[in-house]
1. For Thr148, Thr68, Thr54, which order do you get if you count the other beta carbons within 10 Å of each Cβ and list the fewest first?
2. Filter the chymotrypsin sites (Phe, Trp or Tyr not before Pro) in region 44-135 down to the DSSP loop ones having no more than 13 other Cβ atoms within 10 Å, then list what survives.
3. Name the shape class, rounded, prolate or oblate, that the alpha-carbon gyration tensor gives for region 46-193, where a ≥ b ≥ c are the square roots of its eigenvalues, rounded holds for a/c under 1.5, and otherwise prolate holds if a/b is larger than b/c and oblate otherwise.
4. Give me Glu157, Glu48, Glu41 ranked fewest to most by other Cβ atoms within 10 Å of their Cβ, as a rough exposure proxy.
Amino acid sequence: MGKLLVTDSTTVTAADAAPATGAATAAVNRRAGVDWGKVFEFPNPVNEYAARITAALVVVLAAVTLLTGWDWGVAVIAGGFWLRVLFGPRISPLAQLSVKVLAPRLGRSKLVPGPPKRFAQGIGAAMSTAAALLLAAGLAPAAWTLLTVLVLAASLEAFAGFCLGCAIFGFLQRRGLIPEDVCEACNNITLRRS
């Protein structure tokens, strides 16, 4: 096995320097002061009304982008989706507005499983990023078409309460492509009611 030289002149083997996994990684992260699990945490459960308000704000931003032809609007939309899928609502301006300001004004909440909502945010991130890349490649009609599909999906969530990404998540989970333990409440009707 090869040898590595560490900065304090200690020699270790490559196996000794291999990254830790599982519980060992979590322990190292805590000692280092960073709990990466918390950094990339997504709430579970999620307030359905806050999710619908966020979707409505995406619809407004995308509609303004489509109507004005503002290319950078697509990048802003993509950035917002990536912030939400990676970090939950903590640093996304639209999600913060929804969770901290607008949803509390409704005075009610309906808790739903978080993993399907994160999956839906991932689909939004992929679609909006693809639209941004299409614009950058000079394929504006394809980009605007993709953004229109995104508006339709976000409108279903915002105005009808139907999360298309969540439905796809459920379909994939029933087919065994997403493990059941990713969302226990999605499979167990008694957990959904509690």
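1. Values: Thr148 14, Thr68 9, Thr54 28.
Listing Thr148, Thr68, Thr54 from fewest to most nearby Cβ atoms yields Thr68, Thr148, Thr54.
2. On the way: sites: Tyr49, Trp70, Trp72, Phe81, Trp82, Phe87, Phe119; in loops: Trp70.
Hits after loop and neighbour filter: Trp70.
3. On the way: a/c = 2.19, a/b = 1.43, b/c = 1.53.
In terms of gyration-tensor shape, oblate.
4. On the way: Glu157 25, Glu48 18, Glu41 14.
Final ranking by Cβ density, sparse to dense: Glu41, Glu48, Glu157.
Coordinate-derived values only; no laboratory data. Keep in mind that this is a model prediction, so the values were computed, not measured. Glycine gets a Cβ as well: all are built from the backbone with ideal geometry, and neighbour counts include every protein chain shown.
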